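Encoded as structure tokens, the structure appears first; notes follow it.
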Amino acid sequence: MKNEIVRTRIAPSPTGYLHIGTARTALINYIFAKQNRGKFILRIEDTDLLRSDPKFEKDIIEGLRWLGIFWDEGVEVGGDYAPYKQSERIETYKKYIKSLLEQGRAYHCFCTEEELEKHRQSMLASGEPAIYSGKCSKLSQKEAEEKIKNGQKSIIRFKTPSKKIIFEDLIKGKIEFDTDLIGDIAIAKNENTPLYNFAVVVDDYDMDINYVIRGEDHISNTPKQIIIQDALGFKRPIYAHLPLVLGPDKRKLSKRDGAVSVIDYKKDGYLPEAIVNFLALLGWNPGDDREIFSMEDLIKEFKIEKFQKSGAIFNIKKLDWFNAYYIKQKDLSELVELCLPYLKEADLLEEREGELFLKSTEEKISKKWIEKMLVLERDRIKKLSEISYALSFFFAETLHFDPNLLIWKKSDKEQTKKVLSELIEIFEAIDKDAFVESSIKNSIAHLAENYGNGSVYWPLRVALSGREASPGPLQIAEILGKEKTIKRVKDALHALL
Ligand code: GLU
């Protein structure tokens with residue numbers, strides 16, 4: 001190792017969107033690097049040119065940044081070990097492939113797909129591990145050169161030595177593998193096209209990565225990578241394999257269980273703080289019952305050795321709980337900004353030259369007015385996307401609801417009509433500027449006493465919100481103001497006539 005500062009990395013293949021599992025791996029690598037004053041690197045493993053797509057790379061970068069997982073080196077930011085994209089590092093791999101071939105530690109394999117499959121089937125049928133037979137390793141250099149000259153297609157295989165590989169995993173503990181169960185490893189399609197297990201070893205060495213923290217699904221690749229490192233004389237990094245994120249069915253989290261991309265969670269109205277907190281607790285806890293952790297807290301408190309060994313179940317309800325918590329913590333003016341895109345998308349508001357207008361009436365409105373609504377609604381929503389439904393009744397010109405809803409269960413139509421017309425009279429007598437919750441309450445106190453609370457507050461709630469469940473009717477009235485409140489109560493009364 002050229003230096004001993006902690007260097008971790010996330011090395012996604014841009015063959016799919018940034019999903020929850022990769023985001024969690026990135027987060028743990030980031031936290032581990034930060035708490036050790038180390039560096040966190042983003043490397044893009046795009047050697048599979050057919051399946052790699054720049055749109056996925058873009059999504060991965062956007063998703064990580066949105067979560068607040070920033071890399072010290074890597075694509076888009078550069079660094080001393082550039083380039084950080086495998087497709088730009090072909091010359092480096094070539095050098096090592098050549099050296100392994102020259103040393104006789106790797107060879108060209110000419111077996112066709114059909115031959116390999118046939119061999120695999122017969123091994124399986126006889127109950128043996130389905131590993132490569134090593135047939136082409138027996139070819140002399142001359143025979144191999146001849147075949148290449150004749151245009152016969154080949155791949156490059158590493159000659160796996162027969163030995164026991166033992167490594168100490170930071171999470172899983174001591175792990176042993178018998179390389180006889182591995183067979184000779186395919187390391188490149190050709191000198192210009194390395195394969196994962198080989199390229200990852202070269203890159204981790206070349207970039208001085210000393211901690212490889214990744215998903216448990218890579219555990220069976222680790223002995224392969226170790227024997228390639230050994231052959232090339234590279235120092236072995238320290239490994240930590242994170243247990244998988246499981247779906248509610250206890251199987252590996254599938255697309256069915258959650259959104260495809262972390263960016264979909266963003267669109268759905270989750271906050272990055274909530275996702276980070278949720279992801280860190282998928283397999284780790286502080287040893288007591290605390291659950292709320294900011295990124296800073298995590299950098300202070302997270303301990304990789306305390307990561308659980310078994311899979312962690314992805315529970316969307318828990319994520320919603322965290323999200324509701326972080327929504328409540330938000331500063332109101334920031335929350336307005338976060339909600340605006342949803343309100344615009346739902347066609348409730350429109351922004352023109354920096355001013356906000358109601359779509360229903362073209363009335364100009366202020367962000368302060370929306371803040372007042374958010375005070376009432378922010379404790380009731382789990383996701384920002386729910387805000388458009390939650391606030392829609394404030395913004396409507398007229399509400400549409402079944403008039404029978406206005407009638408309280410212990411009241412009747414006639415009494416409801418009476419209550420509504422008395423409310424109109426009372427409201428008209430209140431000064432416009434005094435139209436606030438407390439004075440409205442005082443003004444209708446006698447009415448509530450005469451008819452009963454339910455018979456007054458229920459129809460008022462329905463008249464003002466069109467809903468059975470809403471914030472308190474007086475709070476709504478104050479936000480709507482005198483004029484709109486009276487209009488809605490009149491509309492309600494007409495609906496009953
Ligand atoms: N490209 C690999 C992946 O996306 C990287 C695995 C590793 O971290 O070694 O799964």
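Which residues, counting only those in segment 127-164, are aliphatic (A, V, I, L, M) and either touching a Gly at 6+ places or on another chain (Cβ under 9 Å) or exposed (fewer than 12 other Cβ atoms within 10 Å of the Cβ) (or both)?
Keep residues of segment 127-164 that are aliphatic (A, V, I, L, M), which gives 130-131, 139, 144, 148, 155-156.
Passing the criteria: ALA130, ILE131.
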Check: What number of residues within segment 14-23 are surrounded by fewer than 24 Cβ atoms within 10 Å (Cβ to Cβ) and assigned to a helix (DSSP H, G or I)?
Finding: 3
Next item on the list: Inspect all residues belonging to segment 216-226 and state whether any of them is within 12 Å of the ligand (Cβ to nearest atom), of a type in the set (A, V, I, L, M, F, W, C) and either touching a residue at least 12 places away in the same chain (Cβ under 8 Å) or buried (at least 20 other Cβ atoms within 10 Å of the Cβ) (or both).
Entry: yes
Item checked: Residue satisfying condition, being surrounded by 12 or more Cβ atoms within 10 Å (Cβ to Cβ) and within 21 Å of LYS482 (Cβ to Cβ), within set LYS382, LYS441 -> LYS441
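Take the conditions away from the ligand (no atom under 16 Å from the Cβ) and farther than 30 Å from GLN308 by Cβ and apply them to GLU88. Does it pass?
Details: away from the ligand (no atom under 16 Å from the Cβ): no; farther than 30 Å from GLN308 by Cβ: yes.
So GLU88 does not fit the description; no.
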Margin query: Any residue that is within 16 Å of the ligand (Cβ to nearest atom) and either in a loop (DSSP other than H, G, I, E, B) or closer than 30 Å to GLU146 by Cβ (or both) - is there at least one of those in segment 52-63?
Written below: yes
Next item on the list: Hey, can you tell me all the residues within segment 117-166 that are outside any loop (DSSP other than H, G, I, E, B), touching a residue at least 24 places away in the same chain (Cβ under 8 Å) and touching a strand residue (DSSP E or B) at 6+ places or on another chain (Cβ under 6 Å)?
Entry: CYS136, SER137, ALA144, ILE155, ILE156, ARG157, PHE158, ILE165
Margin query: Looking at GLY233 and the list (1) crowded, with 19+ Cβ neighbours inside 10 Å; (2) more than 17 Å from LEU282 (Cα to Cα); (3) away from the ligand (no atom under 12 Å from the Cβ), which single condition is not satisfied?
Written below: (1)
Notebook entry, point to check: Can you name the residue in segment 165-213 that is away from the ligand (no atom under 14 Å from the Cβ) and small (Gly, Ala, Ser) and is also surrounded by the fewest Cβ atoms within 10 Å (Cβ to Cβ) among such residues?
Noted result: GLY173
Margin query: Can you find, within segment 9-38, the residue that is nearest to the ligand (Cβ to nearest atom) among those that are within 23 Å of ASN285 (Cβ to Cβ) and of a type in the set (D, E, K, R)?
Written below: ARG24
Check: ILE238 is checked against (1) more than 26 Å from PHE56 (Cα to Cα); (2) buried (at least 20 other Cβ atoms within 10 Å of the Cβ); (3) within 27 Å of the chain's Cα centre (by Cα); (4) away from the ligand (no atom under 13 Å from the Cβ) and fails just one. What number does that condition carry?
Finding: (2)
Notebook entry, point to check: What is the residue count in segment 470-497 for residues that are outside any helix (DSSP H, G or I) and small (Gly, Ala, Ser)?
Noted result: 2
Notebook entry, point to check: So is ILE299 β-branched (Val, Ile, Thr) and more than 16 Å from the ligand (Cβ to nearest atom) or not?
Noted result: yes
Notebook entry, point to check: Could we say that ARG467 is of a type in the set (Lys, Arg) and not in a helix (DSSP H, G or I) here?
Noted result: yes
Checklist line | From PHE357, PHE394, residue being out of contact with any Cys (no Cβ under 8 Å at 6 or more places or on another chain) and either crowded, with 16+ Cβ neighbours inside 10 Å or in a helix (DSSP H, G or I) (or both) | finding: PHE394
Note to self: Residues to consider are VAL75, VAL6; find the one that is buried (at least 16 other Cβ atoms within 10 Å of the Cβ) and within 14 Å of the ligand (Cβ to nearest atom).
What the structure shows: VAL75
Next item on the list: Collect the residues in segment 168-208 that are among the aliphatic types (A, V, I, L, M) and assigned to a strand (DSSP E or B), keeping them in residue-number order.
Entry: ILE175, ILE185, ALA186, ILE187, ALA188
Notebook entry, point to check: Got a number for residues in segment 287-331 being without any contact (Cβ under 8 Å) to a residue 24 or more places away in the chain, crowded, with 16+ Cβ neighbours inside 10 Å and over 18 Å from the mean Cα position of the chain (by Cα)?
Noted result: 1
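Coordinate-derived values only; no laboratory data. Owing to the predicted nature of the structure, the values given are computational and were not obtained by experimental measurement. As a convention, Cβ positions derive from the backbone with ideal geometry for all residues, glycine included, and neighbour counts pool all protein chains shown.
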